[in-house]
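Here is the structure we will look at, set down as structure tokens.
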Amino acid sequence: MTTSGAQGAGRPAPRGATITGIGHYTPPRVVTNHQLEAAVETSDEWIVTRTGIRERRIASDDQATSDLAIEAARAALADAGLTPDDLDLIIVGTASPDMIFPSTACWVQDRLGARRAGAFDLMAACSSFVYGLAQANAYVGSGMADRVLVIGAETLSKITNWKDRSTCVLFGDGAGAVVVQPCPPGEGFLSFHLGADGSRGDLLNLRGGGSRHPASYETIERDMHYIYQNGREVFKFAVRAIPDAIEAVLRQANLTGEAVRWYVPHQANIRIIEAAAKRLGEPLEKFIINIDRYGNTSSASVPVALSEAMEAGREQPGDVLVLVAFGGGLTWASCALRWTKARSAPRP
Ligand code: ACO
């Protein structure tokens, strides 16, 4: 599915939508590759060369996903100059919700005090944040909402098998949030491309605890409450999905790679990002990369990278950015946007 601001003849131009506030939160506890060497048979050298990851942030025992989401949300609201009461809608993308229900978005809505806002979770695994931006664009563009908070938040450490070296070295915790508001058409979001291939759901999943395999002693014994992935197959999928999704969203916006100032990719493996850059014929310097410090934080990875880059003064008003993600489902999603925000103040 690909969409843009283009209209059919005779239809009034819908409103544009743009990011007016951004923020992120990562838990203070750092776990390095060397610390993991003590827990499973692995090495810093293997992890760095195979993935690009050097360390990750891990939530404390009493921190759930909504706790991280709320910190990122507060930062994004402050950046936009809004209060929680201003919000019409809260969308949380997460693969590690506080509970199956109620939604993590509802916990965030209550704790923020966003009394006027509707709230729901969106599940497209690691693509959830970019899918959420597409939702926010549609709500704001159609006039159904004026101020939407979109959050990507994860505590993957809670659903990671810390005895499985093939997955536990990859994941980390974090949250990123943006506020989406109206803007003139042609500014802000330019196009979206969303895709899914449900026939490949077996490659990346968490099988236990849902209605297919309700939680039981057996699901626990068989480690079905942890993330499972076929790493090699997901890798092969990702190195095609990222460039394909970038090309599709640029085509829809009538742009070429030359117009793009920054690519903000899902941070799953540095080799996936390098391969995508090579396929596109783009220099790696145009890709915002922070996987070395956070690992794969699923739906939080794109907004955390975007927010950190904003604090560092990388995005400037008028820059064209492409956000791109892939994940379980399988799913993929990309978004082209013209940045409209002046630099955010660095947080204390
Ligand atoms: N330390 C040391 N050795 C390891 C480790 C480890 N942590 N993990 C695996 N190995 C070993 C394997 O056992 C294997 O040994 P063998 O050859 O004796 O069998 C060898 O290393 C190579 O294993 P591969 O799986 O082929 O390694 P690969 O180069 O494919 O890297 C990785 C694995 C990093 C998982 C890669 O496949 C990858 O990044 N895949 C994509 C992952 C991804 O993007 N997932 C998205 C998830 S998003 C979400 O759902 C939250």
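Looking at Leu330, is it in contact with a helix residue (DSSP H, G or I) (Cβ under 6 Å, 6 or more places away or on another chain) and surrounded by fewer than 17 Cβ atoms within 10 Å (Cβ to Cβ)?
Values: in contact with a helix residue (DSSP H, G or I) (Cβ under 6 Å, 6 or more places away or on another chain): yes; surrounded by fewer than 17 Cβ atoms within 10 Å (Cβ to Cβ): no.
No.
Just to be sure, is Glu218 under 23 Å from Gln316 (Cα atoms), away from the ligand (no atom under 16 Å from the Cβ) and of a type in the set (D, E, K, R)? So Glu218 fails the test. Any idea which of Glu247, Glu233, Glu285 is acidic (Asp, Glu), in a helix (DSSP H, G or I) and crowded, with 16+ Cβ neighbours inside 10 Å? Criteria check complete, one pass: Glu247. Pull up region 265-282, narrow it to residues that are assigned to a helix (DSSP H, G or I) and hydrophobic (A, V, I, L, M, F, W, C), then point me to the one that is farthest from the ligand (Cβ to nearest atom). Ranking the candidates gives Leu280 first. Beta carbons closer than 7 Å, at least 6 apart along the sequence or on distinct chains, pair a first residue in region 18-41 that is more than 30 Å from Pro182 (Cα to Cα) with a second that is among the hydroxyl-bearing types (Ser, Thr, Tyr) for Pro27/Ser60; Arg29/Ser60; Leu36/Thr42; Glu37/Ser43. If the condition is being closer than 25 Å to Ala153 by Cα and either outside the structural domain of Leu204 (by TED's automatic domain parsing) or within 11 Å of the ligand (Cβ to nearest atom) (or both), then region 234-264 contributes Val234, Phe235, Phe237, Ala238, Val239, Ala241, Ile242. Restricting the search to helices (runs of 4 or more DSSP H) fully inside region 124-227 and requiring at least 3 residues that are among the hydrophobic types (A, V, I, L, M, F, W, C) gives 128-142. Checking the structure you have, find out if any residue of region 290-301 is in a helix (DSSP H, G or I), closer than 20 Å to Phe237 by Cβ and of a type in the set (D, E, K, R). Within region 290-301, none of the residues are in a helix (DSSP H, G or I), closer than 20 Å to Phe237 by Cβ and of a type in the set (D, E, K, R). Would you mind telling me which numbered condition in (1) away from the ligand (no atom under 13 Å from the Cβ); (2) of a type in the set (Ser, Thr, Tyr); (3) in a helix (DSSP H, G or I) Ser60 fails? Of everything listed in (1) away from the ligand (no atom under 13 Å from the Cβ); (2) of a type in the set (Ser, Thr, Tyr); (3) in a helix (DSSP H, G or I), Ser60 misses just condition (3). Away from the ligand (no atom under 16 Å from the Cβ), in a strand (DSSP E or B) and either in contact (Cβ under 8 Å) with a residue 40 or more places away in the chain or not aromatic (Phe, Trp, Tyr) (or both): does that describe Ile100? So Ile100 fails the test.
Residues in region 162-214 that are open to solvent by 20 Å² or more (accessible area, probe 1.4 Å) and of a type in the set (Asp, Glu) were compared, and the one that is nearest to the ligand (Cβ to nearest atom) is Asp164.
The values are calculated or read from the model by the stated rules, or taken from the named source; none is laboratory data. As the structure is a computational prediction, the values presented were derived from the model and not from experiment. Cβ atoms come from the backbone with ideal geometry, glycine included; neighbour counts cover every protein chain shown. Side chains included, ligands, DNA and RNA excluded: accessible areas come from the protein's heavy atoms. Shrake-Rupley method; radii C 1.70, N 1.55, O 1.52, S 1.80 Å.
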